[in-house]
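Everything below concerns the one structure shown next.
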Amino acid sequence: MSQYSSQQALNPDVEVQCDLRSDTVTRPDAAMRAAMAAAEVGDDVFGEDPSITRLECTLAERLGKDAALFLPSGTQSNLIAMLAHCGRGEEVITGRDYHVYKYEAGGASVLGGCVLDPRLVEPDGGLNADDVGRAVKEDDAHHPISRLLSLENSHNGMAVPLARCIEVVNVARSAGLSTHLDGARFFNATVALQCGEKALAAPFDTVSICLSKGLGAPVGSVLVGPSDLIAKGRRLRKMLGGGMRQAGVLAAAGLYALEHNIARLAEDHARAAELKTVLEDVGVTDVRGDTNMLFLHAASEVQNRLVESFTATGVKINVSKDEPVRLVLHKDVSEAGFATLLQAVRQI
Ligand SMILES: *Cc1c(COP(=O)(O)O)cnc(C)c1O
């Protein structure tokens, strides 16, 4: 069972107070919908959608890269990055808990013939530099050709410090590997670390960003990187059936999100920190996450009481056997919903 398949049996008579399953449940609000309705559009496969072009240019510029590509999902963005960097029989070194390895249906292997070497993820969400050094294969006919290091930031609610990323990237670079960052929640990391966007993107050739998580857009991811790789990515996107026409209505939602919904991520982080304190007050101490997500590694008896309390009060969560409970804060958790959540924790 994974974090994506819930076994929580909500009582239909209890009104849902808040939905902590994921920040992907955020809905476009009225102002975002107005921006979408007003979007200038054209046929993007002909390169004629001004809103998509503006979104791509905006993110490339903000992250200090040459070019960008608008994509329907983060999974396709990571897939296209891996296929653009690696040929068949070439290897991606990554983390075994990272999304590219665990939650993307093995796409890079199925569709690109890439080999993934999943390494142990350290408690702070980063990889170990020495371990990555050991994972890089020698040039020998027995081995796949190590080609790409793929990191994730933030990972499971942990914002990995820039210095930690650089340490690991330097090992990969000195072995001649390219680097990719799965930055589905890149802006949660920059906000939590108070780190510049260009600085956090700088160690990586390509960075993938999701607009549809805490940023609140309904659809969309953007891959940024050097012009040649992004041009290759554009061809791959077409090949994978991801070329879109008047999708500027979606890009407009993304542009709105970049302008209005990044600074407010700090509110989600502050609420997560408050929730963590309340959890600790009732004896749930092994709680990890320093952005908008908490993972509860509590003893199962306490965990069961929490789940019961959430279920009784209408707090929606993902429950899966043998995995820590994950609680995700986001902009659609109302004041009242958050108060109910804290109350549900206190009453255990
Ligand atoms: C959500 C997510 C993705 C991409 O997910 P899509 O649902 O395909 O947009 C990639 N990496 C991480 C870490 C994610 O959380």
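Observations on the structure shown:
- Across the stretch 73-102, the number of residues qualifying as open to solvent by 50 Å² or more (accessible area, probe 1.4 Å) and either within 15 Å of the ligand (Cβ to nearest atom) or part of a helix (DSSP H, G or I) (or both) comes to 5.
- Within the stretch 318-337, the set of residues being modelled with pLDDT of 95 or more and under 20 Å from Arg185 (Cβ atoms) comprises Leu327, Val328, Leu329, His330, Lys331, Asp332, Val333.
- Pro118 being surrounded by fewer than 20 Cβ atoms within 10 Å (Cβ to Cβ) and closer than 28 Å to Gly87 by Cβ: yes
- Restricting the search to helices (runs of 4 or more DSSP H) fully inside the stretch 157-230 and requiring at least 1 residues that are crowded, with 21+ Cβ neighbours inside 10 Å and within 11 Å of the ligand (Cβ to nearest atom) gives 186-193.
- Lone qualifier among Arg245, Arg305, Arg235 - being in a loop (DSSP other than H, G, I, E, B) and either surrounded by fewer than 20 Cβ atoms within 10 Å (Cβ to Cβ) or on the phi > 0 side of the Ramachandran plot (or both): Arg245
- Selected residue [of a type outside the set (Gly, Ala, Ser), within 16 Å of the ligand (Cβ to nearest atom) and at pLDDT 95 or above] from Asp44, Asp23: Asp23
- The set of residues from the stretch 103-118 being on the phi > 0 side of the Ramachandran plot and within 15 Å of the ligand (Cβ to nearest atom) comprises Ala105, Gly106.
The values are calculated or read from the model by the stated rules, or taken from the named source; none is laboratory data. None of these values were measured; they are calculated from a predicted model. Backbone-built Cβ (ideal geometry, glycine too); neighbour counts: all protein chains shown. Surface accessibility is based on the protein's heavy atoms, side chains included, excluding ligands, DNA and RNA. Shrake-Rupley method; radii C 1.70, N 1.55, O 1.52, S 1.80 Å.
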